[in-house]
Amino acid sequence: MFQLLEPNRIFSITSKAPKYVLLLFILVVSIGLTEALILSPEDYKQSHSVRIMYVHVPAAWISLGIFSTITILSIVGYIFKIKNFFLISKSLAPSGFVFNVIALVTGSIWGKPTWGTWWAWDARITSMLILALFYLMYLIAWRIYEDKEQVFKVTSIITILGIINVPIIKYSVDWWNTLHQPASINILSKSTIHSSMLVPLLIMTAAFALFSLLIFLMKYNTELIKIKNKGLDRL
C-alpha cells in the first residue's frame with residue numbers, strides 16, 4: 001500500500017499524462033468550438049448571445065463537480081488519515097475556482113443582453129458567488145496554516161460547510177422565483193433542450209473537464225516534486 005503512495009512512483013505516472021491530456025483537449029475543444037460557434041443554431045429569442053451558454057454552463061458544472069469531489073476526498077481523507085486525498089483536493093481547487101469565476105463572468109456578460117443588467121442578486125447567481133467565496137477560503141487556508149493536521153481539519157470544515165450550498169445552486173431555480181429558467185437538462189427525465197444545442201454543450205463540457213484535468217496534473221506534479229525535494233519516501 002505504501003509503495004503505491006511513493007512520490008517517485010506516482011510522479012512517474014502523472015508526469016507523463018499532461019502531454020496526452022493536452023493533445024486530447026485541443027482535439028475536443030476544436031470540435032466543441034466548431035459545433036458551438038458555427039454549426040449550432042442561434043436562439044429564436046436570444047439570437048447569437050445564446051452561444052455564451054457553451055462556456056457558461058460547462059464552467060458552472062465543472063466548478064460544482066470539483067467542489068463536490070474535494071468535499072468527498074477531504075471527508076474520507078480526514079476520517080481514514082489518507083494524506084494523498086488532501087493533496088489531490090489541494091491540486092483540484094485552483095481549477096475549480098477558475099471555472100467558478102468564469103461561470104460568474106460569462107453569466108454577467110450573458111445577463112446584459114438577456115435581462116438588461118450585468119448583475120442581479122438572483123438566487124442562483126448569489127449562491128454561485130458564495131461558492132466562489134468557499135473556494136477562496138479553501139485556497140487561503142492552505143496558504144495560512146503550516147501545520148498539516150490543522151490545515152486538514154480546517155479545509156475539511158470549509159468543504160463540509162460549502163457543500164451545503166451545492167444543492168441550493170442546483171435547485172434554486174425550482175425553490176425560488178429567479179431570473180434563471182428552470183433546468184433544461186435532466187438526467188432522470190427528458191431534457192427540453194434540442195440536440196443541436198445539447199451536443200455542443202456536452203462536447204464543451206468534456207473539453208473543460210480535460211482542461212481542469214490538465215491544470216490538476218500540473219499542480220499535483222508540482223506538489224509531488226515538493227515532497228520529493230523534502231526527501232520524503234511517501235505521502
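Below, the figures for the structure above:
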read-out: Karplus (6.51, -1.76, 1.60) ³J(HN,Hα), θ = phi - 60°, over segment 203-212, in Hz, Gly and Pro reported as x; value: 5, 5, 5, 4, 5, 5, 5, 5, 5, 5
read-out: Exposure ranking of TRP119, TRP110 by accessible area [1.4 Å probe, largest first]; value: TRP119, TRP110
read-out: Note, ³J(HN,Hα) from phi for segment 24-39, Karplus 6.51, -1.76, 1.60, rounded to Hz, x at Gly and Pro; value: 5, 4, 4, 5, 5, 5, 5, 5, x, 5, 5, 5, 6, 8, 10, 7
read-out: Leading residue at positive end of dipole, the chain (Cβ point charges), from ILE13, PHE208, GLY65; value: ILE13
read-out: P(r) of segment 90-213 over all Cα-Cα pairs, binned every 10 Å from zero, in whole percent; value: 11, 33, 37, 15, 4, 0
read-out: The chain: Rg to Rh, with Rh as the Kirkwood radius over Cα pairs; value: 1.01
read-out: Length-normalised contact order of the chain in % [C-alpha pairs under 8 Å, at least 6 apart]; value: 37 percent
read-out: Segment 140-151 - phi-based ³J(HN,Hα) in whole Hz, Karplus 6.51/-1.76/1.60, Gly and Pro as x; value: 5, 4, 5, 7, 7, 8, 9, 6, 4, 4, 5, 5
read-out: List TYR20, TYR135, TYR44, TYR78, ordered by accessible area with a 1.4 Å probe, largest first; value: TYR44, TYR20, TYR78, TYR135
read-out: Cross-link partners of LYS228 among lysines (Cα-Cα below 18 Å; sequence separation of 8 or more within a chain); value: LYS16, LYS83, LYS90, LYS148, LYS219
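The values are calculated or read from the model by the stated rules, or taken from the named source; none is laboratory data. As the structure is a prediction and not an experimental result, all values here were calculated from the model. So basically every Cβ, Gly included, is an ideal-geometry build from the backbone, and we count neighbours across all protein chains shown. Areas reflect the complete protein model, heavy atoms only, side chains present, ligands, DNA and RNA absent. Shrake-Rupley method; radii C 1.70, N 1.55, O 1.52, S 1.80 Å.
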